[in-house]
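Participant: I have a structure here, written as structure tokens, and I will follow up with some questions on it.
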Amino acid sequence: MSKVVLVTGGSGLVGSAIKDFVENKGGKAEGEEWVFLSSKDGDLKDRPAVDAIFEKYKPTHVIHLAAKVGGLFANMKQKVEFYRENIAMNDNVMECSRIYKVEKLVSYLSTCIFPDKTTFPIDETMLHNGPPHSSNEGYAYAKRMVDTMNRAYKEEYGCNFTSIIPTNIYGPSDNFSIENGHVIPGLIHKCFIAKRDGTPFTIWGSGTPLRQFMYSLDLAELTVWVMREYHSADPIIISVDEEAEVSIKDVALAVVKAMKFEGEVVFDTDKADGQFKKTASNAKLRGMRPDFQFVGIEEGLQKAVDWFVANYETCRK
Ligand code: NDP
């Protein structure tokens, strides 16, 4: 084997999609060995544990997905933990990637770490142009430092480190918690319960906010492409096109269709809507991958719903 690709956070939403792409969808290139880690393989906050992982696998490439992630309320209540745990994991993975001479490190940022006050569409150059929303500043500043350090490692040590900024992701192996999960897995779980119990399907907020949603398998394929073909320290936004932005209402109705739910659908407008839109530009990606076909939202939601129904007993919820 000439290449060993180590994926941290390999058991999560994105990690499972990369595993599926590599193991079942022809994504593995000749001479590559892929290793998918979960927290059971070692706590990435713990430097000796990370050293032991790098010593054991001797990776030539690292895709760093592992993070402390959570919903709005967890982020607001635990800014210290979101900052410190992410900083520790990222620092350990980056420093070990330097020491063990990793040829390429791809880390993950998020569009929710961009400045709160901004113009749209957001692009890669705007990441540090103002403070993030105060609700998630612990998480946001820890993630922003990855971008800063990617450039610093390149300047000082010539490391080939970069980062991906994805928009909203959904798919199999997501966290389907209604309280703590993201919007799509939360809607899928609620619609499932409404169908099972014969109760109304209640959507929080007016349903008018717009978002760009990406099926996790598309992101998996593009992440592997970034690892092989994208060689700049500056981040790249991976997202569906601006024209593919959809309202939460359209997503909820597509979930209803995919779940074959025939009961009442209610919009609880007493609940907050969040930001109306957070449009991101994928012009940089399109400049390099003009023909990449993203899975449509209805097709992707059908796959996510089918996976959730089939794995209801054991999935994260
Ligand atoms: P998940 O929450 O689905 O998975 C998190 C992964 O990180 C799991 O494999 C978990 O292991 C691992 N992990 C967490 N803490 C530790 C630790 N201390 N040591 C070792 N491993 C740990 O995350 P996603 O797949 O959703 O996210 C992947 C990346 O994408 C993250 O960096 C996230 O910030 C980013 N992102 C995600 C978005 C989304 O919509 N989901 C949007 C934008 C960015 P275990 O299973 O054992 O707990």
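Participant: May I ask you to list the residues in region 174-197 that are modelled with pLDDT under 95 and of a type in the set (Gly, Ala, Ser)?
Facilitator: Within region 174-197, SER177, GLY181, GLY186 qualify.
Participant: Let me ask something else about it. Identify the residue in region 18-28 that is touching a residue at least 24 places away in the same chain (Cβ under 8 Å) and more than 16 Å from the ligand (Cβ to nearest atom) and, among all such residues, is surrounded by the fewest Cβ atoms within 10 Å (Cβ to Cβ).
Facilitator: Among residues in region 18-28 that are touching a residue at least 24 places away in the same chain (Cβ under 8 Å) and more than 16 Å from the ligand (Cβ to nearest atom), the one surrounded by the fewest Cβ atoms within 10 Å (Cβ to Cβ) is LYS25.
Each row is one residue, and each column tells you yes or no for (1) crowded, with 23+ Cβ neighbours inside 10 Å; (2) more than 9 Å from the ligand (Cβ to nearest atom); (3) part of a helix (DSSP H, G or I).
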{"site": "MET145", "(1), (2), (3)": "no, yes, yes"}
{"site": "THR148", "(1), (2), (3)": "no, yes, yes"}
{"site": "TYR153", "(1), (2), (3)": "no, yes, yes"}
{"site": "THR162", "(1), (2), (3)": "yes, yes, no"}
{"site": "GLU179", "(1), (2), (3)": "no, yes, no"}
{"site": "HIS189", "(1), (2), (3)": "no, yes, yes"}
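Participant: Give just the number: which of (1) near the ligand (Cβ under 10 Å from one of its atoms); (2) at pLDDT below 95; (3) not aromatic (Phe, Trp, Tyr) does SER38 not satisfy?
Facilitator: Of everything listed in (1) near the ligand (Cβ under 10 Å from one of its atoms); (2) at pLDDT below 95; (3) not aromatic (Phe, Trp, Tyr), SER38 misses just condition (2).
Participant: Among the listed residues GLY207, GLY181, identify the single one that is closer than 21 Å to LYS271 by Cβ, outside the structural domain of PRO115 (by TED's automatic domain parsing), touching a Lys or Arg at 6+ places or on another chain (Cβ under 6 Å) and in contact (Cβ under 8 Å) with a residue 24 or more places away in the chain. Write out each step before concluding.
Facilitator: On the way: GLY181 fails: touching a Lys or Arg at 6+ places or on another chain (Cβ under 6 Å).
None of the other options fit; the residue is GLY207.
Participant: Tell me whether region 108-115 contains one or more residues that are under 30 Å from LYS56 (Cα atoms) and either out of contact with any strand residue (DSSP E or B) (no Cβ under 7 Å at 6 or more places or on another chain) or assigned to a helix (DSSP H, G or I) (or both).
Facilitator: No: zero hits.
Participant: Among the residues of region 73-106, write down those that are within 13 Å of the ligand (Cβ to nearest atom), over 26 Å from ASN160 (Cβ atoms) and either assigned to a strand (DSSP E or B) or among the aliphatic types (A, V, I, L, M) (or both).
Facilitator: ALA74
Participant: Within region 116-135, work out how many residues are at pLDDT below 95 and touching a Leu at 6+ places or on another chain (Cβ under 8 Å).
Facilitator: 1
The values are calculated or read from the model by the stated rules, or taken from the named source; none is laboratory data. Just so it is clear, the structure is predicted and the values come from calculations on it, not from any experiment. No Cβ is skipped: glycine too gets one built from the backbone with ideal geometry, and neighbour counts run over all protein chains shown.
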